[in-house]
Amino acid sequence: MKNPNSRNKSSLFACALALGVAFFLAACSNVQKVAYRPPSMAGIQKHPLRVALVLDKAFTEYTLGGNKEIYTYPLGDYLRQSALDVARSTFSDVKQFDSIASASQSTESDAILIPKLVKVEARRVGMAWAKREILVVLEWTMKQRASQKTVWLATVEGTASNKVGTGFSMDRRDREAMQAALEDASRKSINAVQSAQEIKAFSRASAAR
């Protein structure tokens with residue numbers, strides 16, 4: 001016959017474990033905010049183009065989260081500031097619009113620049129010894145304003161990883177990984193726009209008109 005004290009101890013342990021897991025999950029299910037830090041723009045040569053930058057609500061109000069995510073990241077404002085800096089650092093004149101339709105009416109613009117967030121993935125395996133991997137995929141499209149013909153299309157991937165950490169450090173470590181991946185995507189976006197041969201050719205053709 002089992003000792004009643006053993007059964008009581010087992011029950012207490014099970015309850016304590018369940019409460020601990022519930023507390024851990026509740027502590028992890030929170031909103032994380034990533035502060036925007038402007039990238040270095042030293043030595044960047046601008047294309048002599050007047051650009052209408054389209055920042056729609058799907059982009060500027062984007063939030064990463066859901067039932068399968070531990071954290072909720074409101075990234076829209078970060079993406080907005082980043083896209084503005086990418087455009088302003090690589091083109092001589094930039095005007096902001098909230099739709100392609102309104103950008104198309106801008107007679108003071110030569111081209112339309114459209115950033116699109118393709119996806120943000122956050123992968124985590126294991127516990128304190130594992131890594132949290134972040135992937136940010138951005139798509140950039142440039143169109144002639146008048147004809148809507150695509151001049152240039154490119155996709156960039158921002159990546160970063162960090163140790164998951166413990167219950168005391170995992171929030172900070174996750175936030176650091178997200179910030180690093182977003183900043184990597186911003187840097188790669190600037191490099192992609194600046195070095196695009198299609199944009200250089202379009203700039204020359206626009207200047208010749």
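The values are calculated or read from the model by the stated rules, or taken from the named source; none is laboratory data. What you are looking at is a predicted structure, and each value in this text was computed from that prediction instead of being measured. When we count neighbours, we look across all protein chains shown, and the Cβ atoms used for this are built from the backbone with ideal geometry, even at glycine.
Suppose the filter is of a type in the set (A, V, I, L, M, F, W, C) and touching a helix residue (DSSP H, G or I) at 6+ places or on another chain (Cβ under 9 Å); does residue 153 pass it? Yes: the conditions hold for residue 153.
Note on segment 137-166: residues that are hydroxyl-bearing (Ser, Thr, Tyr) and over 23 Å from the mean Cα position of the chain (by Cα) amount to 3. Every condition in (1) assigned to a loop (DSSP other than H, G, I, E, B); (2) over 30 Å from residue 134 (Cβ atoms); (3) at pLDDT 80 or above holds for residue 1 except the one numbered (3). Of all residue pairs spaced 6 or more apart or on separate chains, those with beta-carbon atoms under 9 Å, a first member in segment 29-53 that is within 17 Å of residue 82 (Cβ to Cβ) and a second member that is surrounded by fewer than 18 Cβ atoms within 10 Å (Cβ to Cβ) and of a type in the set (A, V, I, L, M) are 53/84.
Do you know which residues across segment 151-209 are at pLDDT below 90, in a loop (DSSP other than H, G, I, E, B) and over 16 Å from residue 70 (Cα atoms)? Listed by number, the list holds a single entry, 209. Does residue 61 count as at pLDDT 95 or above, charged (D, E, K, R) and loosely packed, with under 15 Cβ neighbours inside 10 Å? Against the criterion (at pLDDT 95 or above, charged (D, E, K, R) and loosely packed, with under 15 Cβ neighbours inside 10 Å), residue 61 qualifies. The residues of segment 69-90 that are closer than 17 Å to residue 138 by Cβ and either in a loop (DSSP other than H, G, I, E, B) or over 21 Å from the mean Cα position of the chain (by Cα) (or both) amount to a single one, 75. When the residues of segment 15-41 are filtered to those that are aliphatic (A, V, I, L, M) and closer than 28 Å to residue 118 by Cα, which remaining residue is modelled with the lowest pLDDT? Ranking the candidates gives 41 first. Among all residues of segment 115-132, there is none that is part of a loop (DSSP other than H, G, I, E, B), crowded, with 21+ Cβ neighbours inside 10 Å and in contact (Cβ under 8 Å) with a residue 12 or more places away in the chain.
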